[in-house]
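Here's the structure, in structure tokens; my notes come after.
The values are calculated or read from the model by the stated rules, or taken from the named source; none is laboratory data. Treat the numbers as computed from the prediction; the structure is a model and nothing was measured. As a convention, Cβ positions derive from the backbone with ideal geometry for all residues, glycine included, and neighbour counts pool all protein chains shown. Just so you know, the surface numbers come from the protein's heavy atoms only, side chains and all, with ligands and any DNA or RNA stripped out. Shrake-Rupley method; radii C 1.70, N 1.55, O 1.52, S 1.80 Å.
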Amino acid sequence: MTIEQIYTGCLAQGAYYIESEGEVAIIDPLREVKPYLERAHRDNAKIKYIFETHFHADFVSGHITLSKETGASIIYGPNANPSFEAIIGEDGQEFKLGKLTFVVLHTPGHTMESTTYLLRDENGKDHAIFSGDTLFLGDVGRPDLAQKAADMTKEELAGVLYESLREKIMPLADDVIVYPAHGAGSACGKNMMKETVDTLGNQKKMNYALRANMTKEEFVDEVTEGLLPPPQYFPLNVKMNKEGYDDIDEVLDRGNIAMSPDAFEAAANETGAVVLDVRHQDDFAKAHVPRSIFIGLNGSFAPWVGALIADVKQPILLIAPKGKEEETITRLSRVGFDGTIGYLEGGLEAWKAAGKEADSVKSITAAAFEPYVAEKAPVFDVRKENEYNAEHVEGAHLTPLDYLNDHLAEFPTDKTFYVHCAGGYRSMIAASILKSRGIHNLVDVAGGFAHIKKTGIPVTDFVCPTTKTSS
């Protein structure tokens, strides 16, 4: 028996490769399926099953393409109604893989089709669960994403999730291994651990949602408390996962087109495309195409694209480090953004060599920032609310990046103001958005709050974030 977790940090997502006796199951694959095909080829094995734990909202799964490439059956749990051919498993139904057995455990609550797959070894012993978004490490799946589809409130869905956990998962043995679909950083939960594998016994001890004496009312209150609105692209990803999508190769063919500066500028003007700069934030600060948006590949790239661009059908033009163009298009497609129409050949150097205008972002060190704080200059913190509540620069305004457009009226137009985040990535995104809106009187604080804390700048007393506060 081989179990391999294929973890993608940018999405905080775990896909799984399980092999026995030359037969392979893939659980919740990413959209680019080549790694799974190559791995099966190396093992001289055949992909037999593709198990989907639910209709994912935060990424586009590779189930359809992988099935087409291999002939493997796509399997969902009860209540799923995809637009393509699939096996809709019954609760308790078994699927044989070599000497192993997968058992369908219908665990609704996150969504009504959410299903956990129990893996039994060749001796029939319960070995592991692939819990999707039903059970995370340290948390459970948020119950508000499927409200419209299920025609239920988030409280009603949370109640269903409570029953699923206690009837299907908690009775399992403590030594059963938990393999979740996501880890820390995913918007599908609130307080996930940074670890990506654990035992069920440990989760019963430390996961607040699995307390043995917890009432349903307590569970509903705690699971629904502090939920922030989900990213706007989530329903669009659900639709793609349920109804189908273009093959990744087609997306790459459309998007991986080199454009001269003149062609790039013309395409931007004619199509209304977002010019997306994915270089490092320091490079963007030094020079960038005017009104372009920065979201760097070196951070949580795909989730921020989804949160801030929102419309998966939006045409996109890329400015990427040389050799990173295809990677960028692939990572965009993971969250359903298939509208890349080309990239700037030669990057900013070619743009400037063609005599075209470039913009920049003024950025200063935390030490240089200190006297401006003393002079009571306006300071805007674009971190999340729980980060701000834990500790922030005294007098700083909270304008979370996720909701920056809701705060545009708060930024002064008649004086210089200063923007920071935790480490410099999000504040540069914010700066690019503000400049694209015509707000240029800003200064970025490089290194963010991590560097600010090393100076004499006054900050509020640290308050440990509650485990119930949304991340």
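Long hydrophobic helices in the chain: none of the complete DSSP H runs spans 18 Å or more by Cα along its own axis with mean Kyte-Doolittle hydropathy of at least -1.0.
Summed over all non-identical Cα pairs, the Kirkwood treatment of the stretch 330-449 gives a radius of 16.0 Å. Each Lys and Arg Cβ is given +1 and each Asp and Glu Cβ -1; about its Cα centre, the stretch 35-177 then shows a dipole of about 500 debye. What is the distance in Å between the Cα centroid of the stretch 284-342 and that of the stretch 416-444? Computed from Cα coordinates, the inter-centre distance equals 18 Å. For GLY189, neighbours were defined as the other residues whose beta-carbon sits under 11 Å from its Cβ, and their charges (Lys and Arg +1, Asp and Glu -1) total -1. Is the C-alpha gyration tensor of the stretch 106-237 telling us rounded, prolate or oblate? Criteria: a/c under 1.5 is rounded; beyond that, a/b larger than b/c is prolate, otherwise oblate. Prolate, because a/c is 1.5 or more and a/b exceeds b/c. Computed as a quarter of the hull surface, the mean projected area of the alpha carbon convex hull for the stretch 332-391 stands at 8.4 nm².
Residues whose amide H comes within less than 5 Å of that of ALA128, counting only those at least five positions distant or on another chain, are LEU119, ILE177 (H built at 1.01 Å from N in the peptide plane).
Measuring only protein heavy atoms, the 1.4 Å probe finds SER300 accessible over about 60 Å². The figure for SER260 is an accessible area of roughly 60 square angstrom, using a 1.4 Å probe on the protein chains alone.
Could you tell me what % of all Cα pairs in the stretch 408-458 have separations over 12 Å? Within the stretch 408-458, distances greater than 12 Å cover 63 percent of Cα pairs. Considering only DSSP beta bridges where both residues belong to the chain, give the percentage that are antiparallel (nearest 5). Approximately 50 percent, going by the DSSP bridge assignments.
A straight line joining the Cα centroids of the stretch 103-138 and the stretch 28-89 runs 16 Å.
Using R₀ = 22 Å, calculate the FRET efficiency as 1/(1 + (r/R₀)^6) where r is the Cβ-Cβ separation of HIS41 and THR8; round to 0.05. Taking R0 as 22 Å, the efficiency between HIS41 and THR8 is 0.60. Mean sequence separation of contacting Cα pairs (under 8 Å, at least six apart), scaled by the length of the stretch 58-137, corresponds to a relative contact order of 19 percent. The distance between label points at MET170 and ASP249 comes to 4.9 nm (points 7 Å beyond Cα on the Cα→Cβ vector). Relative to its residue count, the stretch 267-313 spans a Cα convex hull of 77 Å³ per residue. Here GLU155 and ASN123 are evaluated by their C-beta separation; at R0 = 45 Å the FRET efficiency comes out at 0.60. In terms of overall dimensions, the stretch 37-157 has a Cα radius of gyration and Dmax of 15.2, 48 angstrom. Dipole magnitude for the chain: about 700 debye, using +1 per Lys or Arg Cβ and -1 per Asp or Glu Cβ, origin at the Cα centre.
Basic side chains Lys and Arg get +1 at the Cβ, acidic Asp and Glu get -1 at the Cβ, and with that the dipole of the stretch 180-270 about its Cα centre reaches some 760 debye. Of the chymotrypsin sites (Phe, Trp or Tyr not before Pro) found in the stretch 411-467, those in coil by DSSP whose Cβ has at most 15 other Cβ atoms within 10 Å are PHE462. With the simple spin-label model, which puts each label point 7 Å out from Cα in the Cβ direction, the ASN298 to ASN81 separation comes to 4.8 nm. Positive-end ranking of THR460, ASN213, LEU228 along the dipole of the chain, with charges on Cβ about the Cα centre, is headed by THR460. Compared with the alpha-carbon gap, the fully stretched path from ASN202 to HIS440 is longer by 80.6 nm at 0.36 nm per residue. Altogether, the Stokes-Einstein calculation at 20 °C and 1.002 mPa s, with the Kirkwood radius of the stretch 163-313 over Cα pairs as Rh, returns a diffusion coefficient of 109 µm²/s. Surface analysis of the chain yields an accessible area of 41 Å² per residue, using protein heavy atoms and a 1.4 Å probe.
In the chain, Cα pairs under 8 Å separated by at least six residues give a relative contact order of 12 percent.
Scanning residues 5 or more positions from VAL459 or on other chains, those with amide H under 5 Å from its amide H are GLU394, with H placed 1.01 Å from N in the peptide plane. Per residue, the average separation of C-alpha pairs within less than 8 Å and at least 6 apart gives the stretch 190-317 a relative contact order of 24 percent.
As I understand it, the dipole of the chain uses +1 on the Cβ of Lys and Arg and -1 on the Cβ of Asp and Glu, about the Cα centre. Which of HIS392, ALA273, PRO143 lies farthest toward its positive end? So the residue furthest toward the plus end is HIS392.
Determine, at each q value in 0.22, 0.24, 0.27 (inverse angstroms), the log₁₀ of I(q)/I(0) that the Debye formula gives when each Cα of the stretch 164-244 is one equal point scatterer. So the normalised log intensities work out to -1.18, -1.24, -1.32. Are there any trypsin sites (Lys or Arg not before Pro) in the stretch 178-273 that are in a DSSP loop and have at most 11 other Cβ atoms within 10 Å? List them by number. Hits after loop and neighbour filter: LYS194.
Each of TYR179, TYR76, ALA377 was scored by the projection of its Cα onto the charge dipole of the chain, and the greatest displacement toward the positive side belongs to ALA377; charges sit on the C-beta of Lys, Arg, Asp and Glu. Per-residue extension of 0.36 nm, minus the Cα-Cα distance of THR365 and GLU69, leaves a gain of 101.4 nm for this segment. Per the Debye formula on identical point scatterers at the alpha carbon atoms of the stretch 225-348, with no solvent, log10 I(q)/I(0) at q = 0.13, 0.15, 0.19 Å⁻¹ is -0.50, -0.66, -1.03.
For the chain, report the % of Cα-Cα distances exceeding 29 Å. Value for the chain: 53 percent of Cα pairs lie more than 29 Å apart. Take the Cβ atoms of LYS148 and ASP221, set R0 to 35 Å, and the FRET efficiency comes out at 0.95. In order along the stretch 451-459, the Karplus-derived 3J(HN,Hα) couplings, from 6.51 cos²θ - 1.76 cosθ + 1.60 at θ = phi - 60°, round to 7, 4, 5, 8, 9, x, 5, x, 10 Hz, and Gly and Pro are given as x. I need the fraction of alpha carbon pairs in the stretch 1-85 separated by more than 18 Å, rounded to a whole percent. That fraction is 37 percent. Among the GluC sites (Glu not before Pro) within the stretch 66-173, those in coil by DSSP and having at most 14 neighbouring Cβ atoms inside 10 Å are GLU85, GLU90, GLU122. Once you sort the root eigenvalues of the Cα gyration tensor of the stretch 119-192 as a ≥ b ≥ c, which label holds: rounded (a/c under 1.5), prolate (a/b larger than b/c) or oblate (the other case)? Here the stretch 119-192 falls in the prolate category.
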